[in-house]
Amino acid sequence: MSLQMIATVSNSSLLQPGFSLLNFDGHVFFFGQKGWPKRSCPTGVFLLDIKQNELKMKPVFFSKDSCYLPPLRYPALCTLRSDAGADEYQYIIHGGKTPNNDLSDKIYFISLVSKTSKKMTFQCIEKDLGGDVPEARYGHTINVVHSRGKSMSVLFGGRSYTPLSQRTTETWNSVVDCLPSVFLIDFEFGCCTSYMLPELQDGLSFHVSIARGDTIYILGGHSLQNNTRSPNLYKLKIDLPLGSPAVTCTILPGGISVSSAIVTQISDTEFVLVGGYHSDNQKRLACNTIVLEDSKIEIVESVGPEWTPDIKHCRVWFGCDMGEGSVLLGIPGANKQTIPDANYFYILRCKGEEEDKEEELITQTCSQTSSEDPGDSTPFEDSEEFCFSAEANSFDADDADTYNEDDEEDESETGYWITCCASCNIDINTWVPFYSTELNKPAMILCSSGAGHWVHAQCMDLSETVLLRLSEANVKYFCNKHVDLNKGLQTPQKVMCLKKPPMKPLRKKKTMKLSTSAKKSFLRRLFD
């Protein structure tokens, strides 16, 4: 094995835990960006071009008949071939999290329809299913099995939000293990069937699954209910006769207690298992070789690469299988880089260059490669905000298709991991949810002082009741630093009351009183 560091670049923040990589004809494509796609790449899919230790991100286009594909993190993903020996294939994508933390229950088929030196075009199609449709989830796996000339997809594991009927104010955003059901999906007829097997008692997520022929091996995984990483090795065998399918499960010895591991294929029968976590605060630096032959599986410890000190001492790492025996690994840059939220990235090559040219991927693999989801596990596995960035000046000047995030809006001012005040103690590596409404990011509130700035609700000592009231009411909020100043600005100056002079009463008009003789004299003159 060899470990090669690639140059980090800035101003992107797209690559984060939960991303997926697709490999078409040796080209690696990135899917599952941070945030919603923008005008520079509306599809949210990029070609990763790594040359001379520099990574270039080039936007990928979709055909006119394609559906919309949201950026999904922690989805289940695998390749689908018409038969086990077919050269052409497409990817199946199911579930995952959107940038709004909504869970998807949709299934997409994505395939490469045209390729030139300057433009890659994909076709994305959404599939409708009937029957026992799997609920929305993330952290699960999907594989394709072949039996008796037929093929069928198998979905297992994952996490989902607590059902609405069971939610309370304190557990509104809580997640639970999905039931340990095995779903058989027939895409030819668009139907699903679920199976409950007695050997599968606990729900699992962020596990590894490897398929070969009519058999799937499930290794490791994390159970929220028991807060354990399963040491069991499960063997699922799917028989597809003319009638109803038969699904059996066997528990084999020799499993590995690990979650969020990455598996990559190095030959027709050999795979390499790297990464993951032994426990909440312990990474797994050991590597294993998995050999599948004659319906048997053998797992042996192999010699790993010479891990760098940064990898050994970091508490979080994440990555994904690049295909052809290579793995993309990322670790947080912490305070060693001047660029905030920057990461170090490495390529782990698990086989030699000669083997890369000789072998071709035939066996289908699927693994949940990202670190565990924030809010659902521990701060050591919760690293959704770690990001990778692509800088415009690191690309070729004549490469017009290279993604340039300088064209996008600057979202750094509203980052969740800023130092909001002098007493701010929110750290991405140690943060745990404080309010019941928090899931994977700390709650923030806008201070209306001046041009406005964001602060952490926890740093402002806001109670959950006050925070909910402020979020519902249309009122301005001022942080602890500016609240006194705001009060001074809002207090009106004392105005002296003007004394109004009292109004003078109206004088009555004086009337003249005439005597009787005068009245008679007046009447006489009037009628004469």
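Spin-label point model (7 Å from Cα, Cβ direction): what's the Ser521 to Val133 distance in nm?
11.6
Could you run the Karplus curve 6.51 cos²θ - 1.76 cosθ + 1.60 with θ = phi - 60° over segment 225-239 and give me ³J(HN,Hα) per residue in whole Hz, x for Gly and Pro?
So the Karplus estimates, Gly and Pro as x, are 4, 9, 6, 10, 10, 5, x, 7, 10, 9, 10, 9, 10, 10, 9 Hz.
Semi-axes of the equivalent ellipsoid of segment 1-71: what are they in whole Å, largest first, if each equals the square root of 5 times a C-alpha gyration tensor eigenvalue? Working shown, then result.
Working: eigenvalues 102, 43, 26 Å².
Computed over segment 1-71, the values are 23, 15, 11 Å.
Within segment 96-110, what residues put their amide N at less than 20 Å from the label point 7 Å along the Cα-to-Cβ vector of Arg167?
96-106
Multiplying the sequence separation of Phe434 and Glu54 by 0.36 nm and subtracting their Cα-Cα distance, what value in nm do you get? Walk me through the numbers on the way to the answer.
Values: separation 380, 0.36 × 380 = 136.80 nm, distance 3.92 nm.
Full extension from Phe434 to Glu54 adds 132.9 nm.
Give me the 1.4 Å probe accessible area per residue for segment 124-273, excluding ligands and nucleic acids, in Å². Display every interim value, and only then the final one.
Working: 5930 Å² over 150 residues.
Ligands and nucleic acids excluded, the figure is 40 Å² per residue.
Pull out the extension gain between Val303 and Asp268, defined as 0.36 nm times the separation in residues minus the alpha carbon to alpha carbon distance; nm, one decimal.
The Val303-Asp268 span can extend by a further 10.6 nm.
Tell me, what HN-Hα J-couplings in whole Hz come from the Karplus equation 6.51 cos²θ - 1.76 cosθ + 1.60 at θ = phi - 60° for each residue of segment 281-293, using x for Gly and Pro?
10, 9, 6, 10, 8, 6, 10, 10, 9, 10, 10, 10, 8
Of Lys58/Lys118; Lys38/Lys64; Lys58/Lys312; Lys51/Lys115; Lys56/Lys119, which ones are farther than 21 Å apart at the Cα? Provide the component values of the computation, followed by the final result.
Working: Lys58/Lys118 9 Å; Lys38/Lys64 18 Å; Lys58/Lys312 32 Å; Lys51/Lys115 19 Å; Lys56/Lys119 14 Å.
Those over the limit are Lys58/Lys312.
Provide the gained length on full extension for the span Ala422 to Ser194, in nm with one decimal, where the gain is 0.36 nm per separating residue minus the Cα-Cα distance.
Details: separation 228, 0.36 × 228 = 82.08 nm, distance 5.38 nm.
So the chain would gain 76.7 nm between Ala422 and Ser194.
Quick one: grab the alpha carbon gyration tensor of segment 416-466, order the square roots of its eigenvalues as a ≥ b ≥ c, and give me rounded if a/c is under 1.5, else prolate or oblate depending on whether a/b is larger than b/c.
Working: a/c = 1.87, a/b = 1.29, b/c = 1.45.
Oblate.
May I ask you to evaluate 6.51 cos²θ - 1.76 cosθ + 1.60, the Karplus curve with θ = phi - 60°, for each residue of segment 164-175 and list the ³J(HN,Hα) values in order in whole Hz, giving x for glycine and proline?
4, 5, 10, 7, 10, 4, 6, 10, 5, 9, 6, 10
Show me 308-315, 441-448 ranked by packing, highest mean number of other Cβ atoms within 10 Å first.
Highest to lowest by the protection proxy: 441-448, 308-315.
Shape verdict for segment 25-169, please, from the Cα gyration tensor: rounded (a/c under 1.5), prolate (a/b greater than b/c) or oblate.
On the way: a/c = 2.01, a/b = 1.22, b/c = 1.65.
Taking the square roots of the gyration eigenvalues as a ≥ b ≥ c, segment 25-169 is oblate.
For Val45, what residues show an amide H to amide H distance below 5 Å, using hydrogens built from the backbone and excluding near sequence neighbours?
Val60
Rounded, prolate or oblate: which fits segment 281-327 when a ≥ b ≥ c are the square roots of the eigenvalues of the alpha-carbon gyration tensor, with rounded for a/c under 1.5 and prolate only if a/b beats b/c? Walk me through the intermediate numbers first.
Values: a/c = 2.45, a/b = 1.91, b/c = 1.28.
It is prolate, given that a/c is not under 1.5 and a/b is the larger ratio.
Leaving out ligands, DNA and RNA, and with a 1.4 Å probe, what % of the accessible surface on segment 162-290 is carbon or sulfur? List each step's numbers first, then the result.
Working: 2750 of 5190 Å².
Whole-percent figure for carbon plus sulfur exposure: 53.
The values are calculated or read from the model by the stated rules, or taken from the named source; none is laboratory data. Bear in mind that the values here come from a model prediction, so they are computed numbers and not experimental data. Here Cβ is always computed from backbone atoms with ideal geometry, including for glycine, and neighbour counts include all displayed protein chains. Only protein heavy atoms, including side chains, enter the accessible area calculation; ligands, DNA and RNA are left aside. Shrake-Rupley method; radii C 1.70, N 1.55, O 1.52, S 1.80 Å.
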